[in-house]
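Participant: This is the structure I have questions about; it appears just below.
The values are calculated or read from the model by the stated rules, or taken from the named source; none is laboratory data. Here the structure is a predicted model, which is why all the values come from computation and not from measurement. Counting neighbours? That spans all protein chains shown, and the Cβs are built from the backbone with ideal geometry, glycine included.
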Amino acid sequence: MHSLDKYDCAILAALQIDGTLSVAALSEKVGLSSTPCWKRVKRLEEEGYIESRVAIVNRRKVGLPVTVYVSVRTGQHDAKWLDRFAAAVMALPEVQEFHRMSGDVDYLLKVVTTDIEGYDAFYKRLIKVGQLTGVSSAFSMEQIKFTTALPLDLVPYA
């Protein structure tokens with residue numbers, strides 16, 4: 001795997017803002033000719049720096065305005081239980097993020113849903129996963145910042 005240089009970071013930064021940029025537009029933005037720019041994009045994809053290119057859908061417009069952060073505690077910490085739990089949680093379509101945590105909380109889920117009733121239905125499916133010692137929910141009252149862009153200006157490059 002190559003280390004990133006200033007051109008790689010510029011390409012990644014530009015694609016984070018607009019993943020639909022043509023090679024010509026991207027190469028102009030980063031100061032490279034088209035062929036070397038295209039080769040860098042392909043390498044960044046092959047090496048896993050670019051995982052995918054997606055459209056970000058407005059969750060409110062599609063009827064999913066509620067975001068809930070769900071803290072889960074369990075007394076189970078063996079690998080077999082975690083595999084079953086992880087598979088069950090990943091199968092729940094409302095879960096956008098799923099983290100194993102340090103500290104007082106074992107797992108943290110970011111969940112999107114329609115309303116309180118939608119969350120209640122989700123909650124009832126979640127607790128059936130089994131052997132949870134605590135589930136705590138925090139409803140987001142207002143989304144003040146949202147970005148999928150990583151702060152690439154913090155990344156050291158060669």
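Participant: Quick check on the stretch 14-24. Is at least one of its residues under 30 Å from E142 (Cα atoms), in contact with a Lys or Arg (Cβ under 9 Å, 6 or more places away or on another chain), aliphatic (A, V, I, L, M) and not in a strand (DSSP E or B)?
Facilitator: Checking the stretch 14-24: at least one residue is under 30 Å from E142 (Cα atoms), in contact with a Lys or Arg (Cβ under 9 Å, 6 or more places away or on another chain), aliphatic (A, V, I, L, M) and not in a strand (DSSP E or B).
Participant: If I ask for residues that are assigned to a strand (DSSP E or B) and either in contact with a Lys or Arg (Cβ under 9 Å, 6 or more places away or on another chain) or among the hydroxyl-bearing types (S, T, Y) (or both), which ones from the stretch 104-115 would you list?
Facilitator: Scanning the stretch 104-115 gives Y107, L108, V112, T113.
Participant: Here's something else I'd like to know. Being part of a helix (DSSP H, G or I) and over 18 Å from Y49 (Cα atoms) is the filter here, so list the residues in the stretch 28-37 that pass it.
Facilitator: Result: E28, K29, S34, T35.
One line per residue, one yes/no per condition, for (1) in a helix (DSSP H, G or I); (2) out of contact with any helix residue (DSSP H, G or I) (no Cβ under 7 Å at 6 or more places or on another chain); (3) within 30 Å of K6 (Cα to Cα):
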| site | (1), (2), (3) |
| --- | --- |
| G48 | no, yes, yes |
| V54 | no, yes, yes |
| V62 | no, yes, no |
| K80 | yes, yes, no |
| A86 | yes, yes, no |
| Q96 | no, yes, no |
| S102 | no, yes, no |
| V135 | no, no, no |
| E142 | no, yes, no |
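Participant: Is there any pair with a first residue in the stretch 130-147 that is touching a residue at least 24 places away in the same chain (Cβ under 8 Å) and a second that is hydrophobic (A, V, I, L, M, F, W, C) and assigned to a loop (DSSP other than H, G, I, E, B) whose Cβ atoms are under 9 Å apart and which are 6 or more apart or on different chains, and what are they?
Facilitator: From the stretch 130-147, the pairs are G134/V105; S136/V105.
Participant: Hey, can you tell me all the residues within the stretch 123-138 that are of a type in the set (A, V, I, L, M, F, W, C) and either surrounded by 12 or more Cβ atoms within 10 Å (Cβ to Cβ) or more than 14 Å from Y69 (Cβ to Cβ) (or both)?
Facilitator: L126, I127, V129, L132, V135
Participant: If you take the residues in the stretch 132-158 that are among the polar types (S, T, N, Q) and touching a strand residue (DSSP E or B) at 6+ places or on another chain (Cβ under 6 Å), which one is nearest to E117 (Cα to Cα)?
Facilitator: Step by step, filter the stretch 132-158, then rank; the result is S137.
Participant: Sticking with this structure for a sec: Does the stretch 85-99 contain at least one residue that is touching an Asp or Glu at 6+ places or on another chain (Cβ under 8 Å) and either closer than 17 Å to M141 by Cα or surrounded by 10 or more Cβ atoms within 10 Å (Cβ to Cβ) (or both)?
Facilitator: Among the residues of the stretch 85-99, not one is touching an Asp or Glu at 6+ places or on another chain (Cβ under 8 Å) and either closer than 17 Å to M141 by Cα or surrounded by 10 or more Cβ atoms within 10 Å (Cβ to Cβ) (or both), which makes the answer no.
Participant: Which pairs do you get when a residue that is assigned by TED's automatic domain parsing to the domain that holds V135, found in the stretch 82-102, comes within reach of a residue that is of a type in the set (D, E) and not in a helix (DSSP H, G or I), reach meaning Cβ atoms under 9 angstrom, with the pair 6+ apart or on two chains?
Facilitator: R100/D106
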